[in-house]
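Encoded as structure tokens, the structure appears first; notes follow it.
The values are calculated or read from the model by the stated rules, or taken from the named source; none is laboratory data. Everything numeric here is computed off the predicted structure, so don't read it as measured data. Note that we place each Cβ from the backbone using ideal geometry, even for glycine, and neighbour counts take in every protein chain shown. The accessibility values were calculated without ligands, DNA or RNA, using every heavy atom of the protein model including side chains. Shrake-Rupley method; radii C 1.70, N 1.55, O 1.52, S 1.80 Å.
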Amino acid sequence: MVDRYEPRAIEEKWQRRWEADRIYAAVDFDQRPKWYALTMFPYPSGDLHTGHWYAMAPSDAHARFRRMQGYNVLFPMGFDAFGLPAENAAIKRGIDPKEWTYANIERMRKQLRMMGASFDWDREIVTCDPEYYKWTQWWFLQFYKHGLAYRARALANWCPGCQTVLANEQVIDGRCERSDDIVERRFLTQWFFRITAYAEELLKFDGIDWPERIKVMQRNWIGRSEGAYLDFPVDVPGVEEKIRVFTTRPDTVYGATFVVLAPEHDLVPKVTTPEQRAVVEEYQRQASRETEIERMSTEREKTGVFTGAYAINPFNGRRIPIWIADYVLVTYGTGAIMAVPAHDQRDFEFAAKYGLDIIPVFDHPEIDVTKPLERAFEHGTRMINSGPFDGTPAEDAIRAVVEYAEREGIGQRAVTYRLRDWLISRQRYWGAPIPIVYCDACGTVPVPEDQLPVLLPEKVQFLPTGQSPLTMIPEWVNTSCPQCGGPARRETDTMDTFICSSWYQMRYIDPHNAERPFSPALAEYWLPVDQYTGGAEHAVMHLLYTRFFWKAARDMGLVKGDEPMLRLFNQGVILGPDGNRMSKSRGNVVAPDEQVEQYGADAFRCQLMFIGPWELGGPYNPTGMQGIVRWLRRVWSLALEPPQLVDAPDAPETLALRRAMHKTIRVVTDDMEHFRFNTLIARHMEFCSELQRVRERGQADRDAWNEAVETMLLLIAPLAPHITEELWERLGKPYSIHLQRWPSYDPDLAKDEEVEVVVQVNGKVRGHLRLAPDAPEEVARTRALELERVRAALDGGTPRRVIYVPGKLVNFVV
RNA sequence: GCCGGGGUGGCGGAAUCGGCAGACGCGGCGGACUUAAAAUCCGCGGCCGCGAGGCGUGUGGGUUCGACUCCCACCCCCGGCACCA
């Protein structure tokens, strides 16, 4: 009698051994084909939760699979360690952010090791290490040098809870992505990365295999619109300005009966008449107090005020009023629109409310355009009320008007994007300092590369003042100008942590390089990432930023190729047993450490993979764990307690066993390729049942049995690395199972010898046959007609038609 | 409103170039082993019906010898976007 399967007794032992032997080390410049597998690195919150396991364990299984297939696999892990929680802990509990973070990292390293994942720990990176953020700062300088980083005053998102500005991508439904506070809008001078320079290219996903929904989300976020800029001269004495508007409907320009500026538009103070100044300024004040949430509400009735000024429609010379209204956004297009109430519902509502003219400029087959409109209509048939363009068919209208505008110098075709430049400065301490110095004589001066890193000072006061805590350390702020040596001040804002994670995949390939972010030769060998896995919640943040970062790096000549991650897989969200998101307040949290304690890491890994398709996520049910535990016990028992082994190479049972094994290899390999862990484990369970039946018979062919058991262990190794290693050793096989080759199958043996064929009469099942998959129709038909129930159903009638699908069915139609 | 994803037993889920609906697992029921229990092993398992049989993949139509799968119309759930000119 052998000992029972006790996961706790073997898992730690093997984890230590693997690490000591560095069997998962990625080998630079190895002859094997390389495979860079990357899973999103965690924020060191101090506790590894089930969501981390759900993201990482299947990724690990896939990386192990590739390793066994003969790839030189790079599967690294690290910590995205800058960010607000550390600083908030400092504010609340007086703990130093650095100490807090490193203590958490230490704890999480232990928890990660319990997973038994094949991470190459020699390549670990921690983004808050000066050794790492030196290069984050270096990247900032490269962006600055290439005109991709700039400082500007702009309307920014301000989170009152976090006391810092945020990028547009980090505002979700008007709330802070982290703290959920309602975001305010403030005019502030901030640092930006020019992501808009790559807007057009970011819309293309050529040559990469990414989920459709991520691509759609990124396309929506970038929001490309084609149209034209048109210039409306201002009719105000002494003001020689033109209002440039962006429109996707230049063909409706003759219907423009007023112009609307965003309340924050630069020209507002210049054009507003003295009589209107008071109401205009009051409206601006009111608009500036509004949060995004209030302003974005589409239900809300539109408001606005007249500036008292007029502009001239450059097409027909018509004098039209200039209004301001907050339904026009200063951040989109030019911050000004021509309003065409007849053909735009928003403008229609505004015109109706304030009694402005509504002039249709298209005919419509079902609408009498000579009568007052009830609502705007977007598309008509031919242009009307449009001077020389009258009669132009709708499909030619835009082109005709734009060509005219370009000829006359009153406009030009244009493309605009919803995407804004990436606001990267944060008024917080726990981030990489922006390596910039302000000198009274030289102005904005980048810190020379050889003076990096600009170290974060320690022993800092944390008060949420809305200014970076760094401003309160004069000995840090005050410095000398790198150019002239005169007195200068450091930039006190730190960088958005999404910058740290935009290039981390590049650092893993050369994590200890002190001379440069990574060596070009290693980049040539390892990059780009072959398989990236992580959550879809990063669709328009990290996953967009890192593509931008890569393209910029490519244009700087630092990397080759157009995309950083060739394949992306988004796992779903793991939920608590009650189907809700796990949260302490709901009390539905499943703690991985407890699952491991109770069932073992192998069982927990497998259960997470077994519950359903990885991309769907779903509830984690701990009671279902029994099934996985039983299966692993059975694997244990089958490996260690064989039937009586005899020499029967030609017995039909031996062939059947071989067939089952080859079929299992085929199914498991195919499912592994496509991350179908749930069906793959189901196949394993079936194969185990088949082995069990063989064993029940009492004896089996020695070679076939041993081969089957060894193959089973090899196929399970990526899923459950500890138990398979233990059994591999007990079977006397060479260490380590994880360095063995993935089994291959014989396609002929993997095919079913006989399959069940359904016999139907008029589409209803009346019987079954066992036939070869490629049996000829004649055989199938004859055998089918021999069946009693089929004859009864035919009731003596002659089939009008017979449908035969080999391997599937025979259907008699009467 | 627009764009994705989804709706299948008591539960998690399988099966889609149209071909036995419910693989595999949980829970349930029955049996074997045991003084007993645990563990293990074997069997049953959509619904209605004693049965032959009938009905079943969100709803209603359609195409087809045959539809979870394709087409049309709709309902519900999840995620994303939403005054973007």
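Name the residues in the stretch A:416-468 that are farther than 21 Å from A:Phe143 by Cα and open to solvent by 60 Å² or more (accessible area, probe 1.4 Å), would you? Hits for the stretch A:416-468 are A:Arg418, A:Asp440, A:Ala441, A:Glu458, A:Lys459, A:Gln461, A:Leu463, A:Pro464, A:Thr465, A:Gln467.
Among the residues making up the stretch A:196-233, those that are without any contact (Cβ under 8 Å) to a residue 24 or more places away in the chain, part of a helix (DSSP H, G or I) and more than 28 Å from A:Leu261 (Cα to Cα) are A:Glu212, A:Lys215, A:Val216. Note on the stretch A:469-491: residues that are out of contact with any strand residue (DSSP E or B) (no Cβ under 8 Å at 6 or more places or on another chain), open to solvent by less than 60 Å² (accessible area, probe 1.4 Å) and not aliphatic (A, V, I, L, M) total 3.
For the stretch A:573-611, the set of residues classified as open to solvent by less than 10 Å² (accessible area, probe 1.4 Å) and either under 23 Å from A:Val635 (Cβ atoms) or assigned by TED's automatic domain parsing to the domain that holds A:Pro211 (or both) consists of A:Pro592, A:Val596, A:Gly600, A:Ala601, A:Asp602, A:Ala603, A:Phe604, A:Arg605, A:Cys606, A:Gln607, A:Leu608, A:Met609, listed by residue number. Restricting attention to the stretch A:331-350 and to residues that are near RNA strand B (Cβ under 8 Å from one of its atoms) and closer than 20 Å to A:Thr381 by Cα, the residue that is surrounded by the fewest Cβ atoms within 10 Å (Cβ to Cβ) turns out to be A:Asp344. I need the full set of residues from the stretch A:508-536 which are within 20 Å of the chain's Cα centre (by Cα) and part of a helix (DSSP H, G or I), in order please. Passing the criteria: only A:Ala536.
For the criterion of being among the polar types (S, T, N, Q) and farther than 16 Å from A:Ala152 by Cβ, A:Thr444 fails.
Residue count for the stretch A:317-329, restricted to those that are β-branched (Val, Ile, Thr) and near RNA strand B (Cβ under 7 Å from one of its atoms): 1.
Cβ-Cβ contacts under 8 Å between residues 6 or more apart (or on different chains), taken from a first residue in the stretch A:618-638 that is more than 14 Å from A:Cys606 (Cβ to Cβ) to a second residue that is more than 6 Å from RNA strand B (Cβ to nearest atom) and in a helix (DSSP H, G or I), are listed as A:Leu638/A:Cys688; A:Leu638/A:Leu691; A:Leu638/A:Arg695; A:Leu638/A:Val709; A:Leu638/A:Met712. Evaluated against (1) within 16 Å of A:Met661 (Cα to Cα); (2) part of a loop (DSSP other than H, G, I, E, B); (3) open to solvent by less than 90 Å² (accessible area, probe 1.4 Å), A:Glu753 falls short on exactly one condition, (3). Per this entry, A:Asp746 is not counted among residues that are at pLDDT 80 or above, more than 47 Å from the chain's Cα centre (by Cα) and open to solvent by less than 90 Å² (accessible area, probe 1.4 Å). Taken as a whole, the condition of being outside any loop (DSSP other than H, G, I, E, B) and at pLDDT 90 or above does not apply to A:Ile359.
In the stretch A:31-47, which residue that is surrounded by fewer than 24 Cβ atoms within 10 Å (Cβ to Cβ) and closer than 18 Å to A:Leu608 by Cβ is modelled with the lowest pLDDT? That would be A:Asp47.
When A:Met556 is tested against the conditions (1) open to solvent by less than 40 Å² (accessible area, probe 1.4 Å); (2) in contact with a Lys or Arg (Cβ under 7 Å, 6 or more places away or on another chain); (3) closer than 18 Å to A:Leu148 by Cα, the lone failure is (2). For the stretch A:712-735, indicate whether the set of residues that are under 34 Å from the mean Cα position of the chain (by Cα), open to solvent by 10 Å² or more (accessible area, probe 1.4 Å), closer than 30 Å to A:Ala37 by Cβ and at pLDDT 95 or above is non-empty. Within the stretch A:712-735, one or more residues are under 34 Å from the mean Cα position of the chain (by Cα), open to solvent by 10 Å² or more (accessible area, probe 1.4 Å), closer than 30 Å to A:Ala37 by Cβ and at pLDDT 95 or above. Only one residue in A:Lys353, A:Lys371, A:Lys302 is basic (Lys, Arg), within 11 Å of RNA strand B (Cβ to nearest atom) and either open to solvent by 30 Å² or more (accessible area, probe 1.4 Å) or in contact with a Gly (Cβ under 9 Å, 6 or more places away or on another chain) (or both), so which one is that? The unique qualifying residue is A:Lys302.
Being of a type in the set (Gly, Ala, Ser), assigned to a strand (DSSP E or B), surrounded by 13 or more Cβ atoms within 10 Å (Cβ to Cβ) and without any contact (Cβ under 8 Å) to a residue 60 or more places away in the chain is the requirement here; does A:Gly767 meet it? The answer is yes for A:Gly767.
Annotation: of all residues in the stretch A:209-222 being in contact with a helix residue (DSSP H, G or I) (Cβ under 9 Å, 6 or more places away or on another chain) and open to solvent by less than 60 Å² (accessible area, probe 1.4 Å), the one that is nearest to RNA strand B (Cβ to nearest atom) is A:Trp221. The C-beta contact set for the stretch A:370-399 (first residue assigned to a helix (DSSP H, G or I), second residue open to solvent by 90 Å² or more (accessible area, probe 1.4 Å) and not small (Gly, Ala, Ser), distance under 8 angstrom, 6+ apart or interchain) comprises A:Ala394/A:His379; A:Ala394/A:Arg382. Residues in the stretch A:657-698 that are more than 45 Å from the chain's Cα centre (by Cα) and either more than 10 Å from RNA strand B (Cβ to nearest atom) or closer than 30 Å to A:Tyr532 by Cα (or both) were compared, and the one that is most open to solvent (accessible area, probe 1.4 Å) is A:Arg697.
If you go through the stretch A:770-813 and keep only what is near RNA strand B (Cβ under 9 Å from one of its atoms), over 24 Å from A:Ala750 (Cβ atoms) and open to solvent by 60 Å² or more (accessible area, probe 1.4 Å), you end up with A:Arg789, A:Ala792, A:Arg800, A:Arg801.
All told, A:Trp631 falls short of being more than 30 Å from A:Arg113 (Cβ to Cβ) and modelled with pLDDT of 95 or more. Identify the single condition in (1) over 27 Å from the mean Cα position of the chain (by Cα); (2) open to solvent by 10 Å² or more (accessible area, probe 1.4 Å) that A:Ala89 does not satisfy, given that it satisfies every other one. It fails just one condition, (2). May I ask you to verify whether A:Val759 is surrounded by 19 or more Cβ atoms within 10 Å (Cβ to Cβ), within 12 Å of RNA strand B (Cβ to nearest atom) and not aromatic (Phe, Trp, Tyr)? For A:Val759, the condition - surrounded by 19 or more Cβ atoms within 10 Å (Cβ to Cβ), within 12 Å of RNA strand B (Cβ to nearest atom) and not aromatic (Phe, Trp, Tyr) - is met.
Restricting to the stretch A:159-195, and then to whatever is of a type in the set (Ser, Thr, Tyr) and touching a helix residue (DSSP H, G or I) at 6+ places or on another chain (Cβ under 9 Å), can you tell me which residue is surrounded by the most Cβ atoms within 10 Å (Cβ to Cβ)? Looking at residues that are of a type in the set (Ser, Thr, Tyr) and touching a helix residue (DSSP H, G or I) at 6+ places or on another chain (Cβ under 9 Å), I get A:Thr164.
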